[in-house]
Amino acid sequence: MRTDPLASVSIPVRLGIVQRVLPVYRVPFFEALAEACPAGLGIFAGQPRPEEAIRTAKSLEKARLFPAQNRHYFQHKLYLCAQFGMVDWLDDWQPNVLILEANPRYLSTPSAVRWMQRRQRPVIGWGLGAPPASGAFSSLHKAARRRFLQQFDALLTYSQAGAAQYAALGYPEQRIFIAPNAVTPRPTTAPPLRPANRSRLTVLFSGRLQARKRVDALLQACARLPAGLQPRLVIIGDGPERPALQTLAQNIYPTAEFPGALYGEDLLPFLEQADLFVLPGTGGLAVQQAMGAALPVIVAEADGTQADLVRPDNGWLIPPADQAALTTTLAEALSNLPRLRRMGIASYDRISDEINLEAMVAAFARAVACVLGGTDAYSTGG
């Protein structure tokens, strides 16, 4: 398994990528990847279900965006998605290499793989990993997942944990590439200068306001702190849970602020004013952005990508859905401002050196080079 450092790379063939949806937060990555694809980058993506509250991109400047007709079936563990128009797009775009989401719930994947294989063109899978199955049918599930992965010529995943899961299913380690999950480029300026002393610290959350983010737990944790430790709490984002969260805040933590959804330059002042970033539920991309602004972080463990971002020198990983752990950790963090400042610098260094858009693009370029037979020219070992 390979962890990819920053590198200046070029992908010398026409590249196609299939996404179920194209969220706006992915646009910087795909634009950066397009710059590395002089032969062209085409992206085939559709729309989410309305209840997902995903803000999607309508167009791209450097890559070409092609609309898919998504049809969603069932819910939760039974969810399936079919993307109509994929073969027509392949006929039109004619990618030399295709990258597909490595998710067996996406029903159009087999037809795209067959289209590429008939033309002897490689296919790369891109996914979170393959957590071990449990229950009476776990052996059948494992065998099916192994067969599913074997159709790909290489795999891209976000984390060491995801790579280890693919390898545990027998996928060759030399064809697994770790593309660190990033939404921001390598910092080009020094980290923000924050005061050594502050009478009241600021805790920041940023993300879609959904139940799985567990922002209610953050409000409850702040309310349970001793009065002298209670922070200014800023909750940035919008979504279906916002009315309920604002009502909860009015009842238990009325000073909480809800500025709404903010992006880019509008978000920067809040990142610079904060002392600590907290993500009590699932997610991860907002954590990378906060770390790039030199913030220490408290993050709930979820899909494994968090462990590559958050280490003891820059933050705390807490068990998911553990209110006591969140409250205790928040109290510990807010009680030592000098330590928070040191941890913030460690966060900044990690984003600068390891987890950024440039590193993610480099990993994609190495995976493409591998399936084209140029492994040695692009690999770094590890």
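Checked against the criterion of being open to solvent by less than 70 Å² (accessible area, probe 1.4 Å), out of contact with any helix residue (DSSP H, G or I) (no Cβ under 9 Å at 6 or more places or on another chain) and closer than 23 Å to residue 349 by Cβ, the candidates 180, 269, 172, 192 yield just one match: 269. If you check 373, 382 for being open to solvent by 40 Å² or more (accessible area, probe 1.4 Å), modelled with pLDDT under 95 and more than 24 Å from the chain's Cα centre (by Cα), only one passes: 373. Of everything in region 285-315, what is open to solvent by 40 Å² or more (accessible area, probe 1.4 Å) and among the hydrophobic types (A, V, I, L, M, F, W, C)? Give them in sequence order. 302, 307 - these are the residues of region 285-315 that are open to solvent by 40 Å² or more (accessible area, probe 1.4 Å) and among the hydrophobic types (A, V, I, L, M, F, W, C). For region 37-59, filtering for residues that are under 22 Å from residue 368 (Cα atoms) and part of a loop (DSSP other than H, G, I, E, B) leaves 4. Any residue at all in region 326-345 that's closer than 18 Å to residue 203 by Cβ, assigned to a loop (DSSP other than H, G, I, E, B) and either in contact with an Asp or Glu (Cβ under 8 Å, 6 or more places away or on another chain) or open to solvent by 30 Å² or more (accessible area, probe 1.4 Å) (or both)? Yes; the residues of region 326-345 include at least one that is closer than 18 Å to residue 203 by Cβ, assigned to a loop (DSSP other than H, G, I, E, B) and either in contact with an Asp or Glu (Cβ under 8 Å, 6 or more places away or on another chain) or open to solvent by 30 Å² or more (accessible area, probe 1.4 Å) (or both). Selection of region 11-31 for residues being in contact with a Lys or Arg (Cβ under 7 Å, 6 or more places away or on another chain) and touching a residue at least 40 places away in the same chain (Cβ under 8 Å) yields only 24. Highlighted here are the strands (runs of 3 or more DSSP E) found entirely within region 208-311 that include at least 1 residues which are closer than 16 Å to residue 330 by Cα: 232-236, 276-279, 297-300. With respect to the conditions (1) in contact (Cβ under 8 Å) with a residue 40 or more places away in the chain; (2) surrounded by 14 or more Cβ atoms within 10 Å (Cβ to Cβ); (3) of a type in the set (A, V, I, L, M, F, W, C); (4) farther than 17 Å from residue 187 by Cα, residue 355 falls short on a single one, namely (4). Restricting region 142-169 to residues that are charged (D, E, K, R) and within 21 Å of residue 112 (Cα to Cα) leaves a set whose member that is surrounded by the fewest Cβ atoms within 10 Å (Cβ to Cβ) is 147. With respect to (1) open to solvent by 20 Å² or more (accessible area, probe 1.4 Å); (2) touching a residue at least 40 places away in the same chain (Cβ under 8 Å); (3) acidic (Asp, Glu), the lone exception for residue 275 is condition (1).
Among the residues making up region 294-327, those that are closer than 20 Å to residue 359 by Cα, hydrophobic (A, V, I, L, M, F, W, C) and modelled with pLDDT under 95 are 307, 309, 310. Flag set for residue 186, criterion: open to solvent by 70 Å² or more (accessible area, probe 1.4 Å), within 25 Å of the chain's Cα centre (by Cα) and basic (Lys, Arg).
Residue-wise test of (1) closer than 30 Å to residue 156 by Cα; (2) not aliphatic (A, V, I, L, M).
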position: 170; (1), (2): yes, yes
position: 179; (1), (2): yes, no
position: 229; (1), (2): no, no
position: 240; (1), (2): no, yes
position: 265; (1), (2): no, yes
position: 282; (1), (2): yes, yes
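With respect to the conditions (1) more than 30 Å from residue 368 (Cβ to Cβ); (2) touching a Leu at 6+ places or on another chain (Cβ under 8 Å), residue 246 falls short on a single one, namely (2).
Within region 248-266, the set of residues being open to solvent by less than 10 Å² (accessible area, probe 1.4 Å) and closer than 15 Å to residue 218 by Cα comprises 249, 253.
Okay, residues lined up against (1) modelled with pLDDT of 95 or more; (2) touching a Cys at 6+ places or on another chain (Cβ under 6 Å); (3) of a type outside the set (S, T, N, Q); (4) open to solvent by 60 Å² or more (accessible area, probe 1.4 Å):
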| site | (1), (2), (3), (4) |
| --- | --- |
| 44 | yes, no, yes, no |
| 53 | no, no, yes, no |
| 67 | yes, no, yes, yes |
| 77 | no, no, yes, yes |
| 99 | yes, no, yes, no |
| 108 | yes, no, no, no |
| 121 | yes, no, yes, no |
| 126 | yes, no, yes, no |
| 132 | no, no, yes, yes |
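With respect to the stated conditions, residue 26 is modelled with pLDDT under 95 and either open to solvent by 10 Å² or more (accessible area, probe 1.4 Å) or among the β-branched types (Val, Ile, Thr) (or both).
The values are calculated or read from the model by the stated rules, or taken from the named source; none is laboratory data. Not measured: the values here are computed from a predicted model. When we count neighbours, we look across all protein chains shown, and the Cβ atoms used for this are built from the backbone with ideal geometry, even at glycine. Each accessible area value is taken on the protein alone, full model and side chains, heavy atoms only, with ligands, DNA and RNA left out. Shrake-Rupley method; radii C 1.70, N 1.55, O 1.52, S 1.80 Å.
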